[in-house]
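Everything on this sheet refers to the single structure shown next.
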Amino acid sequence: MVGDDLLNAKKVTVSFLINGEWQTGIYDVDLDIAHGEVLALVGESGSGKSTFATSVIGLHNKKQTRVTGSITLDGQELVDLPDAEENDIRGEKIGMIFQDPLAALNPLMKIGQQIQETLDIHDVYQKDQYHDRVIQLLDEVGIVNPERTAKQYPHELSGGMRQRVMIALAIANDPDLIIADEPTTALDTTIQAQILDVLLEIRDRKETGILLITHDLGVVAEVADSVAVMYAGQIVEKASVQELFEHPLHPYTRSLLRSNPEVDREDDELYVIPGTVPALSEMDHHKDLFLQRVPWMQKEAEEDIPDELVEARPNHFVRGNAWRTFEFPDQKG
Amino acid sequence: MSRKLKIKENAGNGGLLKRTLIREFKKDDLARYSLYILVALLLIVFIGALFIPKSHYLDVNIIDQYLAPMTDGHILGTDNGGHDIITMLIVSSRNSLTIALAVTIITFVFGTVVGTVTGYYGGKVDMIVMRMTDFIMILPVLMIIIVLVTIVPKYNATTLILLMSAFYWIGTMRLVRSRVLTESQRDYVKASKTSGTSNFKIMFREILPNIASLLIAEATLSFAGNIGLETGLSFLGFGLPAGTPSLGTMINEATNPETMTQMPWTWVPAAVVILIVVLTIIFIGQALRRVADQRQTN
Amino acid sequence: MWKVIIRRILIMIPQLFILSLLVFLLAKMMPGDPFSGLIGPNTDPKQIAALRQAAGLNDPWWQQYIHWIGNAMHGDLGMSYTMKQPVSTLIGSRMVNTFWLSLLAMILTYALAIPMAISAARHEGSLWDRILLIYNSVTFGIPAYVVYLLFIFIFGFTLGIFPTGGTVDPNVSGFFPTLINKIYHMILPAITMALLGTTAIFTYLRSGILDEQNQDYVKTARAKGVSEDRVFTRHILRNALLPIAANFGFVITGLLGGAIFAETIFGYPGLGKLFITAITGRDYSVITALILLNGFLALLGALLSDIIMAIVDPRIRIE
Amino acid sequence: MADEILKLEGLKVHYPIRSGFWNRVTDNVKAVNGVDLTIKQGETLGLVGESGSGKSTLGKVIVGLEDMTEGNLVYENEHVNTAAERKRVQYNKDVQMIFQDSLSSLNPRKTIYDIIAEPIRNFSPMDPVAENDRIRKLLDIVGLPQRTLFQYPFQFSGGQRQRIGIARALATDPKLIIADEPVSALDLSVQAQVLNFMKKIQKELGISYLFISHDLGVVRHMTDNIAVMHHGRLVEKGTREDIFENPQHIYTQRLLAAIPSVNVAERAENRAHRREIEKNFDDRFNEFYDDEGMPLPLVQLSETHFAALPQQDQKETDHVESNN
């Protein structure tokens, strides 16, 4: 099912201009997404997962943010692409879905017009096909009465319906890649399930690659083919979803799994990760930054580690060496 | 032990305000110089006025009428009543500034109280007050004030202050109401309610301090506005009564084309003083508003 | 859509009633009456008393009110004490002057304020933005009449570039020459009013643009591949212009209101100047008519704003 | 049986919708439409439902932030329906609240000392020295260093601010704390910290919680009994096992099926099961809801388990109940 490479990100580094100084937000990220593959990028707030997504599609503020390294889509380099070409890619090769459906649609334009705008900019579809294409898209994302919805305004729709319209917008020109930044976080669980189903159906039908940004491990397990876990701007673990949940290696991944109060496991004590994510200026990306928050591994926290990830298990990559010796306190002795 | 400890620390909050103010005025030269000029002007006007006997600006002395500047010791010349322009400037400024200050204080206090109550309670209270103020907003306020000035018996400076305040408190009220409305939706107000604090205390000890710095900035700007309003009315002849000179009455000389062109020294100094005072207040108000915005974010 | 407009009209009726009542009471408080102007040295007091009785001035006040409001409905606002002609014709003639001056001033104000706001917002934080911010806060705070005086003193009397009063030179004839001359008389007051009147529109539009550009739908538009310029015009600007459209209703009806200070200082015979002459001449029937007119125009402005908003903003149109 | 702190009888909260020419009241938003509930000492009752189910409104009415339209709030077998009655019995001394957005629940201009001291000064005023000790002890309980006593809310992280909110709620030794989505806005690691800490103080101080949330994973971890709310009414009520192992109402089944499970191997079956439950919910909606779309009254299924089932379905469950 997973085809050849669609998106290749090599040594992607994003730095921000903060009161006159360039500080590294994301350091040396390598990531590949194949046609039809759902890659989940998981991490807590401030981990840099959204920053990576915005730099792939070039929505970052060019004056205050600098992206280096290489991001290729079907072989075409995206980093430092001139604006005109970048506009061609956005909405045609890459579609994007945002978190808050309430604010993501222009309140003064009808739904049909907003979809038509993206069709109009890219000449994938001709003018006479616009109307049918809009209706077909709204139907594809599971909207009951496409004719009526196309004439409505965003404030007349529910959160769930608006997110479906966002998906329709993203897939309007049959892009190869969809970037979904926390698409279901603002929705109720029942609607979240439906929206995730719509995304999977599109992937199955059109072999679209999906980069799913989320902090919800349940959503990852439900939808993703492979997972990359991010902490303090770096990828700490990368594996297939089966591998990651059954054999988590990096201390951060294992801690996250133990902090997550799952429905089908009801032990008494959730694992608490002490301390907080360090400030951007104090991040030394040559060390395993998470170890600062593992009280019994302070020695290892000081050691420098290679930038590349180690293939600890077949197709299962992890950062640093702490995974070899890491154990939770209650498992020791 | 704790009482002492706490008081020192509470100054921390006050200290924080002082530090932001000083830093803002140090950074903004325009505001700093404006502050110096305004303070100097206020001192000259309010202290100077004490030494000027009423006779100097009330008795008419035709002989010295319209003397050009630098004659008979009158540096800026004299007006049609033969009064020395500088003396007139000091007395008029004192009157105009006092009136404008009084109106600003009244509108600020009244507007804040009504605005806070309507913003906090909402519902019927808010609806009634808003309907009432909407109605006043559609009235041609300037015209009505002018009419009232001409028909109110025993008209004096206090009546003018009350008349101006009666219509101009609505602006402050609406600003305060909108800010209090947003603040009272925030959870810390709900938390105070469940902690048993009275509504009165919540309004004036919890919510108002959070918008206080903004109100001060707005009050400064409305002070500038009120100066323009009072002097404007006096310029048209419907402001301060005859016996009490205002910067506006001095500028009134310019309504007669002949005196405007031949004897500019009678009205230009008053116009310049108004512009200086208003400009300095605006620049200070701008700096205060920046301080208010900073305090909102930190 | 209609619900909004009907609701506004329903609110207007009581407001109009209270307005007329207020104006009537105000008129009652004013000393003298239409006939006090006629009293000369040799007029017979009994004759005046008879005239007053005939005019029903001794009836109970509410009867007079109904009588007065009845006439006002048919456009009969009584006689002007000092100018010996019906108030309505007097106001009619001056209103034309006020309309043209205010219209020119309005056009200049928008022509100045909108580009200023857009350029300030697009270069937010730059020196240019700060200059415009300072300019607008200064023009907002400064008393306009002082600037009017200085402008007419410099450009009118001293340099003589512009006329210092009236609406047209008497010796001009022919359609175009009179038109050009009329505009020539309006230029100075209109420009000055515009220069001092940009603040409201500038502030609303500038902060509107700054707010809208951080909204998510702008990110969506960019993600659709919409070019930066088109994002600005079709998305950001359209939303930022809403508040400007909202207060446009008041601006339009304000055209007929008359500017007291500007018209008096520039000697331009509009409704504003008429009000001051009426006040000085204690011509109370003209005064009350002008106050009633301005109140009514403001009410109309509120209705117009609601209609414009209902047309422009679908969130109001489709509740 | 632990004694009852609070009882709700037929609680209703309706917001009038005004429309038409004269702005008359033409309709009502029935946020809470007839809820009976009992909260016992030391118990954590979970109140679960999606947005718009009325769970937050219910929480606000219980803590006294909103007035009820109908029904009774019984506290220590006294009616405390109005604000005056609540004030008389110092109701909020025993019933406190913690909020979702930790930043907006702390006054930015007040020090932590004054924030925590506020309820003490209102309900149990004491001399400054005692007050200072009490506040220092509360800081220890919530695990915050003493030096933070005079700092301002913006100097704290999300998790710390949430604990300050809890310290304030604890200040008057309450019997019940209403927690409205206390951890939804927090990251996973911080969430675990706050949840563990809430359990710890429950064990030490015997406080009961009304835990309002849309996140069933968190609810399962934290609560003993659970009430599921939909369209302003309870559709199911019971112990944690009743609800998670033996959900009877179609809405509860739908909620449970929608939760994304971390078990990757069975995700295909989960998706199929979810589709089936979803279909079942749509097909049988009219059976379980009256013509106004309101859930039916609760029917008792077992000693602890209630569900809003249609009458004839009730017989079936007796059969199911007996054989498993």
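If you go through region B:189-218 and keep only what is more than 7 Å from chain D (Cβ to nearest Cβ) and either in contact with a strand residue (DSSP E or B) (Cβ under 8 Å, 6 or more places away or on another chain) or free of Cβ contacts under 8 Å to residues at least 12 places away in the same chain (or both), you end up with B:198, B:200, B:201, B:205, B:212.
Checked against the criterion of being open to solvent by 10 Å² or more (accessible area, probe 1.4 Å) and more than 13 Å from every other protein chain (Cβ to nearest Cβ), the candidates A:217, A:257, A:280, A:289 yield just one match: A:280. The single condition among (1) of a type outside the set (D, E, K, R); (2) modelled with pLDDT of 95 or more; (3) not assigned by the TED database to the domain that holds residue A:24 that residue A:198 does not meet is (2).
Listed here are the residues, each with its yes/no results for (1) at pLDDT 85 or above; (2) in a helix (DSSP H, G or I); (3) more than 23 Å from residue C:260 (Cα to Cα); (4) at the interface with another protein chain (Cβ under 10 Å from one of its Cβ atoms).
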{"residue": "B:225", "(1), (2), (3), (4)": "yes, yes, no, yes"}
{"residue": "B:234", "(1), (2), (3), (4)": "yes, yes, no, no"}
{"residue": "B:238", "(1), (2), (3), (4)": "yes, no, no, yes"}
{"residue": "B:249", "(1), (2), (3), (4)": "yes, yes, no, no"}
{"residue": "B:259", "(1), (2), (3), (4)": "yes, yes, no, no"}
{"residue": "B:271", "(1), (2), (3), (4)": "yes, yes, no, yes"}
{"residue": "B:276", "(1), (2), (3), (4)": "yes, yes, yes, no"}
{"residue": "B:279", "(1), (2), (3), (4)": "yes, yes, yes, yes"}
{"residue": "B:284", "(1), (2), (3), (4)": "yes, yes, yes, no"}
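Helices (runs of 4 or more DSSP H) fully within region C:207-319 that include at least 1 residues being open to solvent by 10 Å² or more (accessible area, probe 1.4 Å), under 30 Å from residue C:96 (Cα atoms) and within 14 Å of chain A (Cβ to nearest Cβ): C:242-254, C:284-312.
Among residues of region A:292-333 being assigned to a loop (DSSP other than H, G, I, E, B) and among the hydrophobic types (A, V, I, L, M, F, W, C), the one that is most open to solvent (accessible area, probe 1.4 Å) is A:309.
Taking the criterion of being open to solvent by 60 Å² or more (accessible area, probe 1.4 Å) and assigned to a loop (DSSP other than H, G, I, E, B), the residues of region B:166-209 that qualify are B:185, B:186. Does residue A:211 fit the bill of being in the same structural domain as residue A:142 (by the TED database) and either crowded, with 21+ Cβ neighbours inside 10 Å or assigned to a loop (DSSP other than H, G, I, E, B) (or both)? Criteria not met by residue A:211.
Residues to consider are B:176, B:141, B:129, B:149; find the one that is out of contact with any Lys or Arg (no Cβ under 9 Å at 6 or more places or on another chain) and more than 21 Å from residue B:238 (Cβ to Cβ).
On the way: B:141 fails: more than 21 Å from residue B:238 (Cβ to Cβ); B:129 fails: out of contact with any Lys or Arg (no Cβ under 9 Å at 6 or more places or on another chain); B:149 fails: more than 21 Å from residue B:238 (Cβ to Cβ).
So the residue among B:176, B:141, B:129, B:149 that is out of contact with any Lys or Arg (no Cβ under 9 Å at 6 or more places or on another chain) and more than 21 Å from residue B:238 (Cβ to Cβ) is B:176.
Does residue D:119 satisfy the condition of being outside any helix (DSSP H, G or I) and in contact (Cβ under 8 Å) with a residue 40 or more places away in the chain? Answer is no for this residue. Candidates B:186, B:179: the one that is closer than 30 Å to residue D:164 by Cα and either within 14 Å of chain C (Cβ to nearest Cβ) or touching a residue at least 40 places away in the same chain (Cβ under 8 Å) (or both) is B:179. Inside region B:226-272, can you point out the residues that are among the aromatic types (Phe, Trp, Tyr), open to solvent by less than 20 Å² (accessible area, probe 1.4 Å) and more than 18 Å from residue B:150 (Cβ to Cβ)? Of everything in region B:226-272, just one residue is among the aromatic types (Phe, Trp, Tyr), open to solvent by less than 20 Å² (accessible area, probe 1.4 Å) and more than 18 Å from residue B:150 (Cβ to Cβ), namely B:267. Looking across region D:85-116 at every residue that is of a type in the set (Gly, Ala, Ser) and modelled with pLDDT of 90 or more, the one that is surrounded by the fewest Cβ atoms within 10 Å (Cβ to Cβ) is identified as D:104.
So which residues in region A:241-254 are β-branched (Val, Ile, Thr) and more than 8 Å from chain D (Cβ to nearest Cβ)? Write out each step before concluding.
At the first step, the residues of region A:241-254 found to be β-branched (Val, Ile, Thr) are A:241, A:253.
Residue satisfying the conditions is A:253 alone.
Taken as a whole, the condition of being at pLDDT below 90, of a type in the set (Phe, Trp, Tyr) and assigned by the TED database to the domain that holds residue C:236 does not apply to residue C:202.
From the list D:136, D:147, the lone residue that is open to solvent by 40 Å² or more (accessible area, probe 1.4 Å) and within 11 Å of another protein chain (Cβ to nearest Cβ) is D:136. Can you pull out every residue in region D:230-245 that is in a helix (DSSP H, G or I), open to solvent by less than 30 Å² (accessible area, probe 1.4 Å) and acidic (Asp, Glu)? Answer for region D:230-245, where residues must be in a helix (DSSP H, G or I), open to solvent by less than 30 Å² (accessible area, probe 1.4 Å) and acidic (Asp, Glu): just D:242.
Go through region D:122-144 and report how many residues are touching a residue at least 40 places away in the same chain (Cβ under 8 Å) and among the hydrophobic types (A, V, I, L, M, F, W, C).
3
When region A:66-117 is examined, which residues are found to be buried (at least 19 other Cβ atoms within 10 Å of the Cβ), touching a residue at least 60 places away in the same chain (Cβ under 8 Å) and more than 13 Å from chain C (Cβ to nearest Cβ)? Result: A:71, A:73. The residue of region D:139-192 that is farthest from the chain's Cα centre (by Cα), among those that are among the aromatic types (Phe, Trp, Tyr) and part of a helix (DSSP H, G or I), is D:150.
All conditions in (1) within 14 Å of chain D (Cβ to nearest Cβ); (2) over 18 Å from residue D:257 (Cβ atoms) hold for residue A:234, with the sole exception of (1).
For region D:246-264, the set of residues classified as part of a loop (DSSP other than H, G, I, E, B) and at the interface with another protein chain (Cβ under 7 Å from one of its Cβ atoms) consists of D:259, D:260, D:261, D:262, D:263, D:264, listed by residue number. Show the residue pairs meeting these rules: Cβ distance below 6 Å; 6+ apart or different chains; first residue within region D:43-70 and within 14 Å of chain A (Cβ to nearest Cβ) and surrounded by fewer than 22 Cβ atoms within 10 Å (Cβ to Cβ); second residue part of a loop (DSSP other than H, G, I, E, B) and among the acidic types (Asp, Glu). Going by the 6 Å Cβ cut-off, the qualifying pairs are D:50/A:188; D:51/A:188.
The values are calculated or read from the model by the stated rules, or taken from the named source; none is laboratory data. Treat the numbers as computed from the prediction; the structure is a model and nothing was measured. Reconstructed Cβ throughout: ideal geometry from the backbone, glycine too, with neighbour counts over all protein chains shown. Heads up: the accessible areas ignore ligands, DNA and RNA and are worked out on the full protein's heavy atoms, side chains in. Shrake-Rupley method; radii C 1.70, N 1.55, O 1.52, S 1.80 Å.
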